[in-house]
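Structure record follows, encoded as structure tokens.
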């Protein structure tokens, strides 16, 4: 039978001389911000407009309305794509630029 007190790193572990277990950190593997920056995450079903990337797989789409689950991996957590206004122009120019 499962005993929650045995697995939660409770005070009972310290009384018995055991070690407290640290809780699992809930990190997002593909988050693009530094530790001191704020990243807004949105869930599937949230109303939104703009370019978003799936946090799980990186799939990017432009959405207006309710965010769906990711069509690639069925992930439900989204973040806004980094805004790079000239990225498409520069990639289209490719090797045409002479410095």
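The values are calculated or read from the model by the stated rules, or taken from the named source; none is laboratory data. Worth saying up front: this structure is predicted, and the values here are computed from it rather than measured. With ideal geometry, Cβ positions are generated from the backbone for all residues, glycine too; neighbour counts draw on all protein chains shown.
If only residues of the stretch 51-83 that are loosely packed, with under 10 Cβ neighbours inside 10 Å and out of contact with any strand residue (DSSP E or B) (no Cβ under 6 Å at 6 or more places or on another chain) are counted, the one that is modelled with the highest pLDDT is 65.
In this structure, does residue 36 turn out to be out of contact with any helix residue (DSSP H, G or I) (no Cβ under 9 Å at 6 or more places or on another chain) and modelled with pLDDT of 90 or more? Judged against the criteria, residue 36 is not a match. In this structure, residue 42 does not satisfy being out of contact with any helix residue (DSSP H, G or I) (no Cβ under 8 Å at 6 or more places or on another chain), surrounded by fewer than 12 Cβ atoms within 10 Å (Cβ to Cβ) and either modelled with pLDDT of 90 or more or outside any loop (DSSP other than H, G, I, E, B) (or both). Checked against (1) at pLDDT 90 or above; (2) in a loop (DSSP other than H, G, I, E, B), residue 48 meets all criteria but (2).
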